[in-house]
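**Q** Pasting a structure here, questions to come.
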Amino acid sequence: MTGRSFQTLVALVLSACWALALGFVHWKGDVPFLDRTEGALTDLRMIARGERAAPDLVTIVAIDDVTAGKKGGYPLPRADLAAIVDAIARFEPRVIAVDLLLLDHGNGRGDAALAQVFDKRPTAIAAAAVFPEAKQLIATEEGGPVAGLPRAERFLLPLKEFADHAAVGVVNLTTDKSGTPRGAPMLFRTDDKIELSFPLRVAALATGSEPTIEADSMMLAGRHIPMDIGHVLPLIFYGRHGTIRTISASSLLDGEVAAEAVRNRIVVIGATVTGSGDVFSTPFDPVMPGVEIIATAIAHLMTGDGILRNRLTRAADAIIAIALTLLLVGLLAWQRSAVGLFSILAALLIWMAANFAAFSHGIWSSAALPVAAAAPPAILFGAVQLWLNRRRAQYFAKKSELLQQFQAPALRKWLTKNPEFLLEPVHQDAAIIFIDLSGFTSLSETLGLDTGLQLLKDFHALVDREVVARGGVITSFLGDGAMILFGLPESSVDDARNAALCCVDLCNRAERWIESLPPSIASRTGFKVGAHFGPIIASRLGGGSYQHITATGDSVNVASRLMEVAAEQRAALAVSDDLLRQAGPECALFELGVLTGPRETRIRGRSRALSVWLWRND
C-alpha cells in the first residue's frame, strides 16, 4: 500500500468514526451544539417550501385587543369567558379547547357559570408543567413506551371545580435555543403521575377515543401517529398569524360570526391580546400567538399533515451523515483538481436537493448533522493534503533545481517542453569544442584535495559562463576539461560563428584566470582548445536508471584531436578550416588574435589530413 493510499484509508476510518459518533448521539436525541444551526436551516427550508393552507377542521377564537377593550382589560372576568364558551357551544362545535390557565378563583358566580357551560360540549382546559430551571426536559430512566418522557417537578392544574367538568391537558411546548417551537410533547410526567398534552387531549375528545401509547409512537382512532424521541410531535407551521382561521371573541359575542365557522369543528380559545406574553417566533411570523401553535399541533394530530421525525428518520440522518462524510473525503483523495472540486460541489447540491425534497414531502431530515459530520473531516483532510502537497512540491522543486544543475539550461527548457527529445537519434551538423587544462594531472599530485577541487570548480564556472553567454551547450565536464556543442537542441545558421567566438572568449578568459593564480600554480598550468564543424549524431545514452545527452561521430573525434594539435604547436586554439569557412569572415576571428594557417595536419587515428588554423592571443 502506498503512502497516499494509507493516508486516505486513515482519513476515511477517522472520518467514519466521527460521523458515526455524531450520528449515534443524534439518534439518541438532539446534538445540543447543532440545535441553533438545525433550527436556522429548518426555518430556511420552511420558508422555501412556502405557506400552505391550514385544514378547515380547526377554528381559533381569539381574545384580542378589541375584546379586551370592550370588556375592560385582560384577563377577562370569568363571566365574560363563560359567555364566550356558551356562544361557541350554541353552534355545536366538535370540541371546545380553552388554551387558558384557570388556576385561581375569580368571581364565585363567574366560576360557577364557566364550570356549568363546560358541560354543554366536550371541553378541554389547559394545565402547565413546571420543569427544573437547570434543564427544561428531564428524561425518565424507565424502559417501555414511556421511556424518555419529559419529567416535570409538578403540574399547575386548573381549579378542581373546572377540572370536574372538562378534560385537562398540558400545554407546554419544546423550543430550540432561538425560542422557536419545534415540537409538542404528547405526554408529561412527574414522579407520581402522567398527564396527556393539551393537543392530544383535544384530539382524543374530537375522535372519541383514548390514545394507545407505544414506543416512539401512538395509536389514535385506529391511526398510527409516529413521534420523535420523548413522544414529541414535530411541528411545521402553515404560515403567518391568521393562516388558521381566526375569529375575534368580540365578533362572536356580537353575533357577527357564521355558524359554519364553528359547527362540527375544533374551536380553540386563546389570548392574542397585546402584552399577554403568549407569543413565539416562527419562520413566518416573529410574534406568533401561542394559541395558533397549539391549534397547529391539534391539526397535525387530527389530519396527519405534520412532518415526520422519529427514530427511523434519525437513523437515516446518521447513515446519510456517514455516507456524505466518506464521499467528500474520498473525492478529496481521488481528485485534488477542478474535477474533484466540481464533484464535491455536485455531491453537496444533490444532497441539498434531496434534503429539501424530503422536507417538502413531510420528512424532517437533519441538515445540520451531515454538515457537522462531513465538514470538519473534509476541511481537516483537505488542509493536511494541501500541507503535504506543499511539502511535496517544495521537495520536488528542490530536487528539480538540483537535477537541473546536471543539465544545460537550454536542454532543460527543451526537455521540459519536449520530453521525448532525442529518444530517437538525430543526424545533423554542429560545431564541437573541446577545452582541457594542461598539467593539471601532475599538479594535482602536489596540491591538496581541497585546493585541487576548488581549482576545478573555478575552471568549470569559467567555461559555463562563456558557453552560456554564446548560446552553447556543455554536454559534459570531463574531469579537467569540457565538451561543448553549438547546434543543440536546435541548429541555426549562426552555430559555427558563435562557436568560433566562444573559442576566443574561452582562450582569453582562461589565460587571464591562469594569470590570477598563485605563481607556483600558474607556472605549471595551461590550457588547449580544439574546435571543428561537421556532422554528428545527437542522442540519449545510458541505461534505464540514468541517461545523458551527448553527440558522437567522426566530427567529435576530430575536435578532440585538435586539442593535441594545439598543444603540439604551442597554440591556445586549433580550429578546423571547416568551422572557419562555415562561420564566415564576419566573425572577425582574425582581429581577436594571431591566426596562422591553414596548414594540412595529420590527425591521430585519421587517414586523411585536415586543414587546420592555429590561434594565439596577441
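**Q** Only one residue in Arg94, Arg78 is crowded, with 20+ Cβ neighbours inside 10 Å, over 55 Å from the mean Cα position of the chain (by Cα) and in contact (Cβ under 8 Å) with a residue 24 or more places away in the chain, so which one is that?
**A** Among Arg94, Arg78, only Arg78 is crowded, with 20+ Cβ neighbours inside 10 Å, over 55 Å from the mean Cα position of the chain (by Cα) and in contact (Cβ under 8 Å) with a residue 24 or more places away in the chain.
**Q** Can you find, within segment 219-238, the residue that is farthest from the chain's Cα centre (by Cα) among those that are modelled with pLDDT of 95 or more and outside any strand (DSSP E or B)?
**A** Tyr238
A quick yes/no check of all residues on (1) assigned by TED's automatic domain parsing to the domain that holds Asp285; (2) in contact with a Phe, Trp or Tyr (Cβ under 9 Å, 6 or more places away or on another chain):
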{"residue": "Gly50", "(1), (2)": "no, no"}
{"residue": "Thr67", "(1), (2)": "yes, yes"}
{"residue": "Gly72", "(1), (2)": "yes, no"}
{"residue": "Ile84", "(1), (2)": "yes, no"}
{"residue": "Arg90", "(1), (2)": "yes, no"}
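**Q** Same structure, new question: Of the residues Leu312, Leu324, Leu341, only one is surrounded by 20 or more Cβ atoms within 10 Å (Cβ to Cβ) and part of a helix (DSSP H, G or I); which? Write out each step before concluding.
**A** Numbers: Leu312 fails: surrounded by 20 or more Cβ atoms within 10 Å (Cβ to Cβ); Leu341 fails: surrounded by 20 or more Cβ atoms within 10 Å (Cβ to Cβ).
Going through Leu312, Leu324, Leu341 in turn, just one is surrounded by 20 or more Cβ atoms within 10 Å (Cβ to Cβ) and part of a helix (DSSP H, G or I): Leu324.
**Q** Just to be sure before I move on: is Ser438 surrounded by 14 or more Cβ atoms within 10 Å (Cβ to Cβ), free of Cβ contacts under 8 Å to residues at least 12 places away in the same chain and among the polar types (S, T, N, Q) in the structure I sent? Walk me through it before giving the result.
**A** On the way: surrounded by 14 or more Cβ atoms within 10 Å (Cβ to Cβ): yes; free of Cβ contacts under 8 Å to residues at least 12 places away in the same chain: no; among the polar types (S, T, N, Q): yes.
Criteria not met by Ser438.
Conditions (1) closer than 22 Å to His26 by Cα; (2) at pLDDT 95 or above, marked per residue:
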residue: Ile350; (1), (2): no, yes
residue: Ala353; (1), (2): yes, yes
residue: Phe356; (1), (2): yes, yes
residue: Ser365; (1), (2): yes, yes
residue: Ala378; (1), (2): yes, no
residue: Phe381; (1), (2): no, no
residue: Gln385; (1), (2): no, no
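**Q** Identify, from the list Gly472, Gly448, the residue that is within 26 Å of Gly487 (Cα to Cα) and either at pLDDT below 80 or outside the structural domain of Ala333 (by TED's automatic domain parsing) (or both).
**A** Values: Gly448 fails: within 26 Å of Gly487 (Cα to Cα).
Selected residue: Gly472, the only one of Gly472, Gly448 that is within 26 Å of Gly487 (Cα to Cα) and either at pLDDT below 80 or outside the structural domain of Ala333 (by TED's automatic domain parsing) (or both).
**Q** Condition first: exposed (fewer than 14 other Cβ atoms within 10 Å of the Cβ), under 21 Å from Gly183 (Cβ atoms) and modelled with pLDDT under 90. Can you find one or more residues in segment 41-62 that meet it?
**A** no
**Q** Condition (residue is in a helix (DSSP H, G or I) and under 15 Å from the mean Cα position of the chain (by Cα)) applied to segment 351-360: is it met by at least one residue?
**A** Looking for residues that are in a helix (DSSP H, G or I) and under 15 Å from the mean Cα position of the chain (by Cα), one finds at least one in segment 351-360, hence yes.
**Q** Then there is this: Condition first: surrounded by 22 or more Cβ atoms within 10 Å (Cβ to Cβ) and touching a strand residue (DSSP E or B) at 6+ places or on another chain (Cβ under 8 Å). Now tell me which residues in segment 483-497 satisfy that. Before the answer, list the steps.
**A** Taking segment 483-497 as the starting set, the residues that turn out to be surrounded by 22 or more Cβ atoms within 10 Å (Cβ to Cβ) are 484-488, 495-497.
Answer for segment 483-497, where residues must be surrounded by 22 or more Cβ atoms within 10 Å (Cβ to Cβ) and touching a strand residue (DSSP E or B) at 6+ places or on another chain (Cβ under 8 Å): Ile484, Leu485, Phe486, Gly487, Leu488, Asp495, Ala496.
For every residue, the table says whether it meets (1) of a type in the set (Ser, Thr, Tyr); (2) surrounded by fewer than 19 Cβ atoms within 10 Å (Cβ to Cβ).
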| position | (1), (2) |
| --- | --- |
| Ala184 | no, no |
| Leu187 | no, no |
| Ile194 | no, yes |
| Thr212 | yes, yes |
| Ala221 | no, yes |
| Asp228 | no, no |
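**Q** Considering only segment 596-618, state which residues are of a type in the set (Lys, Arg), within 15 Å of Asp578 (Cβ to Cβ) and in contact (Cβ under 8 Å) with a residue 40 or more places away in the chain.
**A** Selection gives Arg606 alone.
**Q** Would you tally the residues in segment 213-247 being of a type in the set (A, V, I, L, M, F, W, C) and without any contact (Cβ under 8 Å) to a residue 60 or more places away in the chain?
**A** 4
**Q** Give segment 245-302 a look and list any residue that's in contact with a Lys or Arg (Cβ under 6 Å, 6 or more places away or on another chain), over 27 Å from Phe91 (Cα atoms) and among the hydrophobic types (A, V, I, L, M, F, W, C), or say none.
**A** Phe284
**Q** Which residue pairs have Cβ atoms closer than 8 Å, lie 6 or more positions apart in sequence or on different chains, and pair a first residue in segment 372-387 that is surrounded by fewer than 21 Cβ atoms within 10 Å (Cβ to Cβ) and among the aromatic types (Phe, Trp, Tyr) with a second residue that is modelled with pLDDT of 85 or more and assigned to a helix (DSSP H, G or I)?
**A** Note: no pairs meet the criteria.
**Q** In addition: Is there a residue being at pLDDT 80 or above, within 30 Å of Ala323 (Cα to Cα) and of a type in the set (Gly, Ala, Ser) anywhere in segment 421-437?
**A** no
**Q** For segment 316-344, name all the residues that are at pLDDT 95 or above and in contact with a Gly (Cβ under 9 Å, 6 or more places away or on another chain).
**A** Across segment 316-344, the qualifying residues are Asp317, Ala318, Ile319, Ile320, Ala321, Ile322.
**Q** Scanning segment 19-51 for residues that are assigned to a helix (DSSP H, G or I) and small (Gly, Ala, Ser), which turns out nearest to Ala357 (Cα to Cα)? Walk me through how you get there before you give the answer.
**A** Just the residues of segment 19-51 that are assigned to a helix (DSSP H, G or I), to begin with: 19-28, 32-49.
Subsequent filtering for residues that are small (Gly, Ala, Ser) retains 19, 21, 23, 39-40, 48.
Details: Ala19: 23, Ala21: 26, Gly23: 21, Gly39: 18, Ala40: 17, Ala48: 11 Å.
This residue is Ala48.
**Q** Looking at Ser555, Ser491, Ser520, which one is over 18 Å from Ile435 (Cβ atoms) and part of a helix (DSSP H, G or I)?
**A** After applying the criteria, what remains is Ser520.
**Q** Looking at Ile293, is it over 22 Å from Gly362 (Cα atoms), of a type in the set (Val, Ile, Thr) and buried (at least 18 other Cβ atoms within 10 Å of the Cβ)?
**A** In short, no.
The values are calculated or read from the model by the stated rules, or taken from the named source; none is laboratory data. Treat the numbers as computed from the prediction; the structure is a model and nothing was measured. With ideal geometry, Cβ positions are generated from the backbone for all residues, glycine too; neighbour counts draw on all protein chains shown.
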